[in-house]
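The values are calculated or read from the model by the stated rules, or taken from the named source; none is laboratory data. Values in this document were obtained by computation on a predicted structure and should not be read as measured data. Counting neighbours? That spans all protein chains shown, and the Cβs are built from the backbone with ideal geometry, glycine included.
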Amino acid sequence: METAPMETEQRLVKLSSSQGDVFEVEFGTACYADVVKQMIDFTSESSDAETIPLNLKTTVLEKVLQYCDYHRDNEPKEIPKPLPTTNLGEIVGDWDAAFINVDDENMLYELILAANYLDIKPLLDLACAKAACAIKHMTPDAIREHFNLQPEQMTPEEEQEMLEELKWCTDGGAA
Amino acid sequence: MSSSKTSSSTVRKAAEHLSRADTATVEPPSKRPRSSHPIGIRPLGNLLIDGGRNCRDAGLGMLKPLSDFAVCTVFEHLTCVELGRVARVSRSFYVFANHEELWMQRVTDDFRDGFQYHKDWRCTWLTMTHRKGVNSVAPASVRVPSFYSDWLFQRFHCASVPLKRRWLCTETIDRRDAAALSVGDSIREYETPNVPVIIRGVVDRWPAYGKWSREHLLKRAGHVKFTAGPVDMSLRDFFAYADANEDDNPLFIFDPKFADRAPFMADDYTPPQYFAEDMFALLPQRPNFRWLLIGNRRSGSKWHVDPNATSAWNGVIRGAKKWFMLPPGHVPPGVSPSRGGAEVTQPVSLVEWLLNFYDATQQADYGGVRPLEATVCAGELLFIPRGWWHAVLNLEDDTFAITQNFVSPRGLRATAKFLRFKPEQVSGVSEGRHAGLWMELEEALRTHRPELLADLSTGWQTDGTAAKAESARVDVSVNGEGAVDGRGGGDGGSSGGVVSVHPKLLAMFGTS
């Protein structure tokens, strides 16, 4: 059936970033991402020492592996939808909140892409929750500015129709 | 080969479905599918033809590299009021904030005790929460030109694509008349070899047959709440939803407590004599074993294997059900069970599966085992052997059925093995009872059927040979092209090993 626990524990796997940097990680960490596990299963049939190339920047891969390493033995908390608060620490705990509190917003989107690509659902949820926190209390104008949106102009009629349709949430709303 | 046993009236009934499916008026006029998306989303391929720009990216700014799925996951974390607010940001935000899946989730989360469906899921939420201007609540109506997305279009597409004739026309499951099928025959020919059969002349003797109409059920139980997916809703509200929804995977009633909630229903049917023995009935507290099924056309169950390694029968009282079935261990294409089999990943709806994977199974060079298929009509009963993968699509509005799962002496070994070795996957019992269910059953057998228990204890502790045979992994010949390997997903993890093929099964697949 499965490989004996001792053996898997000690086994190391090599993963490389799109920039060619190679990370040597424990089998259990790499396999937290099911997609990576499938790749390992696939390649290990041919050669044991092969490096698995992943289409992720070095900084992103490092971050993803950090997440996998921590959560392989600590099941991540389920994030309620919609978010009851923007204080993520209350929901997911200190480690996850600190982990996802990245300085560079682009890193957040890279993590969403990576979680999507590697099919790591709890990381996807965590990163998307973080992105949602930014949007939650912003006005439409603030969102346009924040996300650097250059949407096509709507006609005044369209704008009016949309406002009319969305009246239910703007009467007395924050926007 | 099954056609030789198929009565002409059944053939005629099946043919009716075909001719209807083949015409443009396959849907009742009241709910004929729209020909274009309500706010104008188009599949990505159209972008090439139209040659314009996709307004998606400009309207998402920094979020544009994210997949549509990821953007929706971000939006899932917003409250409904926040969704309403961000809808004004851009056309893209408007499209995502109006995604019906998000609103369906909100309604079924916020109104678990029932709701009155109103026009669409967003309108339902607004109406149920008594938002201002409730009278003017209308579906999203601002047309968004040049928004292209396969992912967002898919839901609409699967809900509205006409059911194809080729999905409905294959009949490869045996049909037998109860008058000419003794209990012994049934055990010998179907239960023991673990193959499906449709039996006529059972359900049409139930009081429910002919009597159960929508009007009858509404009169007797219109206010009674039944379980439909994540919610409990009154039958009256359910029918209103079923008629009005435009979902790709519509909710249907699947209720294990129907006999408590509407006792007359339990009096209106009798379990068939063929499948009368249930070892679970010996337990002081029987796990969930029977379900009421009510759904409109296009609702149904996606691919799954029944719980606790039980077999089942499904009697159609009204309407018709299209079945797809694959033997144990033969995972359908496009479906992936998790290691151990606790969860199954597959397309969102059965129609999506049909669109993307069914045709592959019909190709001449298809390497796998083809699904067995049948349209089970009102008055007929299907035997679903343990371990078989199956998926079901209701073909008519007001399709009513009763299904019951059981563990006969023939299936006892498989179920005992499941309870012992996969206690975490045991279902149908209250929390905390999973791990102990095997011991409960062992105790009950010791008291009531000691001979079965003695029989059970021989073999399975030795070397797993019996277990291997019992896992019912079969190698069957397809189109006479030789054996096909049993693929993963079986319950033993054993691979290889020579498993004999019952001639019955071989014959069934040989004709496909």
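Within the stretch B:46-68, the set of residues being out of contact with any helix residue (DSSP H, G or I) (no Cβ under 6 Å at 6 or more places or on another chain) and in contact (Cβ under 8 Å) with a residue 40 or more places away in the chain comprises B:46, B:47, B:50, B:52, B:53. Within the stretch A:113-125, the presence of at least one residue that is crowded, with 21+ Cβ neighbours inside 10 Å, in contact with a Phe, Trp or Tyr (Cβ under 8 Å, 6 or more places away or on another chain) and within 13 Å of chain B (Cβ to nearest Cβ) is confirmed. How about the stretch A:26-135: which helices (runs of 4 or more DSSP H) wholly inside it have at least 3 residues that are within 12 Å of the chain's Cα centre (by Cα) and under 27 Å from residue B:105 (Cα atoms)? Qualifying helices (runs of 4 or more DSSP H): A:105-118. Quick check: is even one residue across the stretch B:255-262 of a type in the set (A, V, I, L, M) and more than 27 Å from residue B:386 (Cα to Cα)? Yes, the stretch B:255-262 contains at least one residue that is of a type in the set (A, V, I, L, M) and more than 27 Å from residue B:386 (Cα to Cα). Kindly establish whether residue B:58 is surrounded by fewer than 19 Cβ atoms within 10 Å (Cβ to Cβ) and within 11 Å of chain A (Cβ to nearest Cβ). The answer is yes for residue B:58.
Exactly one residue among B:154, B:105 is more than 11 Å from chain A (Cβ to nearest Cβ) and either of a type in the set (A, V, I, L, M, F, W, C) or part of a helix (DSSP H, G or I) (or both), and that residue is B:154. For the stretch B:326-333, state whether one or more residues are at pLDDT 90 or above, in the same structural domain as residue B:403 (by TED's automatic domain parsing) and farther than 26 Å from residue B:424 by Cβ. Taking every residue of the stretch B:326-333 in turn, at least one turns out to be at pLDDT 90 or above, in the same structural domain as residue B:403 (by TED's automatic domain parsing) and farther than 26 Å from residue B:424 by Cβ. For residue B:423, state whether it is at negative phi, in contact with a Leu (Cβ under 8 Å, 6 or more places away or on another chain) and surrounded by fewer than 17 Cβ atoms within 10 Å (Cβ to Cβ). When the stated conditions are applied, residue B:423 passes them. Here the condition is being within 24 Å of residue B:276 (Cα to Cα) and modelled with pLDDT of 95 or more; of B:179, B:228, it holds for B:179 alone.
Within the span defined as the stretch B:78-93, one or more residues are of a type in the set (Asp, Glu) and at the interface with another protein chain (Cβ under 7 Å from one of its Cβ atoms). Scanning the stretch A:143-161 for residues that are modelled with pLDDT under 85, at the interface with chain B (Cβ under 8 Å from one of its Cβ atoms) and under 30 Å from residue A:109 (Cα atoms) yields a count of 4. Please verify whether residue B:413 is assigned to a loop (DSSP other than H, G, I, E, B) and of a type in the set (Lys, Arg), treating the condition exactly as stated. No. Number of residues in the stretch B:170-207 that are among the acidic types (Asp, Glu), under 26 Å from residue B:414 (Cα atoms) and in a helix (DSSP H, G or I) equals 3.
Residue by residue, here is whether (1) in contact (Cβ under 8 Å) with a residue 12 or more places away in the chain; (2) crowded, with 18+ Cβ neighbours inside 10 Å; (3) of a type outside the set (Lys, Arg) holds:
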| residue | (1), (2), (3) |
| --- | --- |
| B:113 | yes, no, yes |
| B:117 | yes, yes, yes |
| B:141 | yes, no, yes |
| B:146 | yes, no, yes |
| B:154 | yes, yes, yes |
| B:185 | no, no, yes |
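The residues listed here are B:352, B:396, B:431; of these, the one that is part of a loop (DSSP other than H, G, I, E, B) and at pLDDT 95 or above is B:396.
Within the stretch B:40-55, the set of residues being surrounded by 19 or more Cβ atoms within 10 Å (Cβ to Cβ) and more than 7 Å from chain A (Cβ to nearest Cβ) comprises B:41, B:42.
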